[in-house]
Amino acid sequence: MSDYHVPVMLREAVDYLNIKKGGIYLDGTLGGGGHSEEILRRLDGTGRLYGIDRDMEALKYATERLKAYDNFIPIHGNFRDVSTLIPEDVMLSGAIIDLGVSSHQLDTPKRGFSYHEEAPLDMRMDRSSGITAEEWLNSASEDEIADTIYKYSDERWAKRIAEKIVKMRQESPLKTTTELVRAVDMAIPKAVRRNIQGHPAKRTFQAVRIKINEELDMLPSAIESIVNRLQIGGRLCVITFHSIEDRLVKRTINYLRNPCSCSPNVPICTCGKQPKLKTVFSGVKTPTQEELEQNPRSLSAKLRAAERV
């Protein structure tokens, strides 16, 4: 097992992909290559696997890890651009997306994802492009910061946190993760902080990371782009790590299951929109107790699977 990143719900996710020898598969969030390695193992030298990641460090690591597999094709990019990243004539037998931040990103202080270590406020998954968390936090309006923190984390103290960030940056620009943690600590009353499960800054860091990497805004269109590349019977598995993310995935899958926009009172569909997906199982799958004990970071993981029709 790689120490770069422990893949969550590895066996369940790949099982639901229903790997067929000779098939063409996509790992849209390659990370450390854990899910990809299991897919390649089951392909047994046949077919192809495309692995996409926007993080060059992850791509380099996974490419080295999977170098023994001639049927593995690594690609630097964002899975939202799947329509241009893989050849136009390629139809997929299945795809997996493991959303969120990897263990390696969290455990590498210089990336700025962790609230436990002092580091530059970066938080970009692709460090070759885009603005950093530092640039955004020091330039966005107070209302934009408050709206972002609330929208992407349901943080009830978002307005006060935004106020503290703006007040702090008026004296000196925020540059490190510890300064952002301090803003959160000053905004949330001590009595409340004592009763918060986990670190008080967890929600704020999550929200800022999602904003910087545009993780949720692009998700519905990205899922639809991948679904459009699935063969009939091809499957999509999505692993999420927080409720906002999961709700968005659920809503997108449900729309692709039933895209009809006709009034419920109309006896016959006239809009012409046809279902693209059916669910493989109802609801979500969650990690086993054994996995939770071995990998506590899997606690909030949820797996959804759907099949192209």
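A few remarks follow.
- In region 70-94, residue nearest to LEU59 (Cα to Cα) [restricted to those that are open to solvent by 10 Å² or more (accessible area, probe 1.4 Å), small (Gly, Ala, Ser) and in contact (Cβ under 8 Å) with a residue 40 or more places away in the chain]: SER83
- Any hit, region 263-276, residues being free of Cβ contacts under 8 Å to residues at least 40 places away in the same chain and closer than 30 Å to GLU155 by Cα: no
- So GLU290, is it more than 24 Å from GLU155 (Cα to Cα), open to solvent by 30 Å² or more (accessible area, probe 1.4 Å), touching a residue at least 60 places away in the same chain (Cβ under 8 Å) and not aliphatic (A, V, I, L, M): no
- A residue that is crowded, with 17+ Cβ neighbours inside 10 Å and out of contact with any strand residue (DSSP E or B) (no Cβ under 7 Å at 6 or more places or on another chain) cannot be found anywhere in region 262-280.
- Qualifying helices (runs of 4 or more DSSP H) (wholly inside region 1-69; at least 1 residues being within 24 Å of ALA306 (Cα to Cα)): 10-17, 34-43
- Helices (runs of 4 or more DSSP H) contained entirely in region 95-196, each with at least 1 residues that are buried (at least 16 other Cβ atoms within 10 Å of the Cβ), in contact (Cβ under 8 Å) with a residue 40 or more places away in the chain and over 20 Å from the mean Cα position of the chain (by Cα): 133-137, 158-171, 177-187
The values are calculated or read from the model by the stated rules, or taken from the named source; none is laboratory data. None of these values were measured; they are calculated from a predicted model. In this analysis, Cβ positions are derived from the backbone assuming ideal geometry, glycine residues included, and neighbour counts consider all displayed protein chains. In case anyone asks, the SASA skips ligands and DNA or RNA and just uses the protein heavy atoms, side chains included. Shrake-Rupley method; radii C 1.70, N 1.55, O 1.52, S 1.80 Å.
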